[in-house]
1. Across segment 365-379, in residue order, what do the Karplus-derived ³J(HN,Hα) couplings come to in whole Hz, using 6.51 cos²θ - 1.76 cosθ + 1.60 with θ = phi - 60° and x for Gly and Pro?
2. By its C-alpha gyration tensor, with a ≥ b ≥ c as the square roots of the eigenvalues, how is segment 85-178 shaped: rounded for a/c under 1.5, else prolate for a/b larger than b/c, else oblate?
3. Using the Karplus curve 6.51 cos²θ - 1.76 cosθ + 1.60 with θ = phi - 60°, what ³J(HN,Hα) values do you get for each residue of segment 171-181, in whole Hz, with x for Gly and Pro?
4. Using Cβ contacts closer than 10 Å as the measure, can you line up Ser210, Ser378 from fewest to most?
5. Measuring from a point 7 Å past the Cα of Thr64 along Cα-to-C-beta, which residues in segment 165-180 have an amide N at less than 11 Å?
6. Grab the Cα-Cα distance for Ser171 and Phe283, subtract it from 0.36 nm times how many residues apart they are, and report the gain in nm with one decimal.
7. Too long at a 18 Å Cα-Cα cut-off: which of Lys178/Lys318; Lys137/Lys325; Lys77/Lys137; Lys77/Lys140; Lys67/Lys140; Lys343/Lys418?
8. For a quick check: with amide H placed at 1.01 Å from N, whose amide H comes under 5 Å from Tyr406's, ignoring anything fewer than 5 positions away on the same chain?
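Every number here is computed from the coordinates shown, using simple stated rules; none is lab data. Because the structure is a prediction, the values reported are computed rather than measured. Glycine gets a Cβ as well: all are built from the backbone with ideal geometry, and neighbour counts include every protein chain shown.
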Amino acid sequence: MPHSVKRHRRLRNITPEEKSEERMDISVLCIFISVVAGVSALENGLVRTPPMGWLAWERFRCNTDCKNDPDNCISDKLFRTMADLVVSEGYAAVGYEYINVDDCWLEKERDFNGQLQPDALRFPYGMRDLSNYVHSKGLKFGIYQDFGNYTCAGYPGILGYLQTDALTFASWEVDYVKLDGCYSHPRDMDRGYPEFGYYLNQTGRPMVYSCSWPVYQIYSGMQPNFSSIIEHCNLWRNFDDIQDSWASVESIIDYYGNNQDVIVPNAGPGHWNDPDMLIIGNFGLSYEQSKTQMALWAILAAPLLMSVDLRTIRPEYKAILQNRKIIAVDQDPLGIQGRRIYKKNGIEIWARPITPVYQSYFSYAIAFVNRRTDGTPSDIAVTILELGLAFRGGYFVEDLYEDVSYGVLTPDTKIKVKVNPSGVVMLRADVQISYKERQFPPPQSVYRPYDIFQVTRPIFKKK
Ligand code: GAL
């Protein structure tokens with residue numbers, strides 16, 4: 001079932017009793033609106049570069065069967081084990097930091113004080129203890145909740161308990177909250193998401209705030225108010241849940257490419273578009289496809305949240321996730337999201353402006369992606385200038401997967417890359433800041449690629 005249909009079904013699932021309860025909740029919330037009005041930007045100082053970490057959902061879903069599947073169920077043990085491995089296997093050393101719980105951690109009911117409580121069998125020591133453990137490893141702890149009556153998997157949501165839950169999370173020393181939007185009305189989100197953000201801020205504990213606000217509004221036909229979303233959230237989902245397949249990754253790539261004019265300007269330090277988790281190392285992606293996901297997520301300035309079993313991941317996938325050069329692109333301090341600058345006959349080129357910057361010339365990360373499936377690698381030949389890189393002093397160009405550098409190339413240099421089917425070649429081109437630029441006319445605008453790339457291998461046409 002397409003995800004959009006699923007979301008609508010979830011929205012319609014609210015029963016009349018729940019609706020009237022919800023209306024009561026809403027009127028209670030309205031009392032707080034005057035408090036919330038005038039609250040300024042979230043600016044909690046967090047995630048100046050996209051968050052990196054591990055998130056349970058895509059790989060471990062809502063497996064609550066600890067009796068039959070004790071090693072894979074959503075439990076205290078799973079998160080402690082992943083925290084251990086993030087450190088011992090070198091992920092923390094390259095920047096992965098958050099250990100994030102997703103849905104299905106709760107008891108089906110709040111406690112007698114109206115407080116959220118974790119499932120007593122699966123989280124026997126409570127969330128504060130788990131959070132302490134994660135912190136003791138030098139990592140940060142994230143949790144999942146939902147703006148509606150229920151989480152997507154049917155556990156209690158925050159509606160009617162916004163302040164209580166914000167305080168509870170602070171008391172558990174949570175560092176990151178993902179707030180989903182099932183079983184709620186998208187039109188209430190423009191008020192509700194900022195309101196919960198307000199209560200998070202009020203606790204005094206800095207917590208990253210991940211919102212599903214725009215995706216639910218888009219699916220219900222609304223136009224999200226991105227200036228408000230940027231102001232109140234550290235990251236947000238725009239599109240479908242990622243699934244364990246190349247088709248799913250491709251659909252996300254297409255969504256972000258096709259809608260880039262609306263999406264790209266919203267990203268920046270402290271506020272990021274979230275194309276969803278990295279599924280590298282699971283069952284659905286080939287080695288080439290995994291490299292493509294990592295490269296494009298870095299171009300998109302995406303949160304890097306791995307959802308994979310770190311106990312069994314194969315070394316070549318681990319190496320992709322730990323590729324420091326690509327992580328450095330993702331984490332570039334300018335925080336400018338990249339764009340698809342070329343798309344024709346199954347070949348795409350994506351580019352992201354990064355540091356160092358010389359005068360008004362950026363450096364760039366460039367991903368050449370082959371979406372074709374006709375067996376043999378495709379050659380793409382293009383001049384540096386055609387990629388929009390116009391600095392006459394040249395760029396130091398290196399391949400980020402192959403550990404090959406091409407030295408300093410001037411804009412008229414033609415480069416040729418060979419890209420495997422469903423694979424990627426990822427380069428970075430650093431502007432040569434030592435160059436004496438003053439001999440040349442003043443720089444023009446720097447981000448103007450031309451649509452004249454040449455694919456040198458003949459394109460196979462379907463009859
Ligand atoms: C979805 C969300 C997923 C996951 C799931 C849990 O709506 O997009 O990332 O959190 O709910 O039920």
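1. Computed from phi, the couplings for segment 365-379 are 9, 10, 10, 9, 10, 9, 8, 7, 10, 8, x, 8, x, 9, 8 Hz.
2. Details: a/c = 2.08, a/b = 1.94, b/c = 1.07.
The shape class here is prolate.
3. These are the phi-based 3J(HN,Hα) values: 5, 8, 6, 6, 10, 7, 10, 9, 10, 7, x Hz.
4. Values: Ser210 27, Ser378 22.
Ordered from fewest to most neighbouring Cβ atoms within 10 Å, Ser210, Ser378 come out as Ser378, Ser210.
5. none
6. On the way: separation 112, 0.36 × 112 = 40.32 nm, distance 3.75 nm.
Contour length minus Cα-Cα distance gives 36.6 nm.
7. Numbers: Lys178/Lys318 25 Å; Lys137/Lys325 25 Å; Lys77/Lys137 15 Å; Lys77/Lys140 16 Å; Lys67/Lys140 28 Å; Lys343/Lys418 16 Å.
Flagged as over cut-off: Lys178/Lys318; Lys137/Lys325; Lys67/Lys140.
8. Answer set, sorted by chain and number: Val397, Glu398, Asp399.
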